[in-house]
Amino acid sequence: MKMKSLILIFSFALMITSCGSQTYLEPTILTAAIEKKEFNYNATKAFPMSGDVIGVINSLPNAGGRLLNLEPGYGFNLKKDSFTVTLPYFGRAFNVNPGDINGGGIRVESKDFSVKQTASRKGTTLLVIKPNDQKENYVFNLEIFKNGSAMLSVNSNNRQPISYDGNISVGEN
């Protein structure tokens, strides 16, 4: 009985330490990048909002829940003069033109965009990014946490909303 409880305690302690908060970016570098509004967002998971997509995900073997792990390379690059987005899309699009090569994902290259920044009481930063030169009206809501992780929500006049989990990085992309 003692051995069982010892293993249980050891497993619990290991689980708690492995679930600790991961720091993706040093706080001073993160703050400077947010203030300059020049950073990369790297999406690691997608959270589709469509019931149809969730039903398909749940029907796959070894899958379940509402999230999809993403391959590296998805996210966006924000600079003072450009905003470039490459994200997969899982959900329903209402008006898609046949032959539109970007119809399957969210692809935005904007030179005319607005960024509104607010800080919460919990220490997170919320950025609302709106490209003004796109035919679809996208709104990107990015919540950045103190450790450099971030949650992105994308709304459009032509698609169901979708959210992504990821982190912030600084450097060339």
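Brief remarks follow.
- L68 being at pLDDT below 90 and either over 18 Å from the mean Cα position of the chain (by Cα) or among the small types (G, A, S) (or both): no
- Contact annotation: residue pairs with Cβ atoms under 8 Å, 6 or more positions apart or on different chains, pairing a residue in the range 76-94 that is on the phi > 0 side of the Ramachandran plot with a partner that is assigned to a loop (DSSP other than H, G, I, E, B), are G91/M49; G91/S50; G91/Q160; G91/P161.
- Of the residues in the range 140-148, at least one is part of a strand (DSSP E or B), without any contact (Cβ under 8 Å) to a residue 24 or more places away in the chain and either buried (at least 18 other Cβ atoms within 10 Å of the Cβ) or not acidic (D, E) (or both).
- Residue pairs whose Cβ atoms lie under 7 Å apart, separated by 6 or more positions or on different chains, with the first residue in the range 19-32 and aliphatic (A, V, I, L, M) and in a helix (DSSP H, G or I) and the second modelled with pLDDT of 75 or more and surrounded by 12 or more Cβ atoms within 10 Å (Cβ to Cβ), are I29/V170; L30/G148; L30/I168.
- Among all positions in the range 85-92, there is no residue which is in contact with a Leu (Cβ under 6 Å, 6 or more places away or on another chain) and at pLDDT 90 or above.
- Here S114 does not qualify as closer than 22 Å to K45 by Cα and of a type outside the set (F, W, Y).
The values are calculated or read from the model by the stated rules, or taken from the named source; none is laboratory data. Just so it is clear, the model here is predicted, and its values are computed rather than measured. All Cβ positions, even for glycine, are placed from backbone atoms using ideal geometry, and neighbour counts span all protein chains on display.
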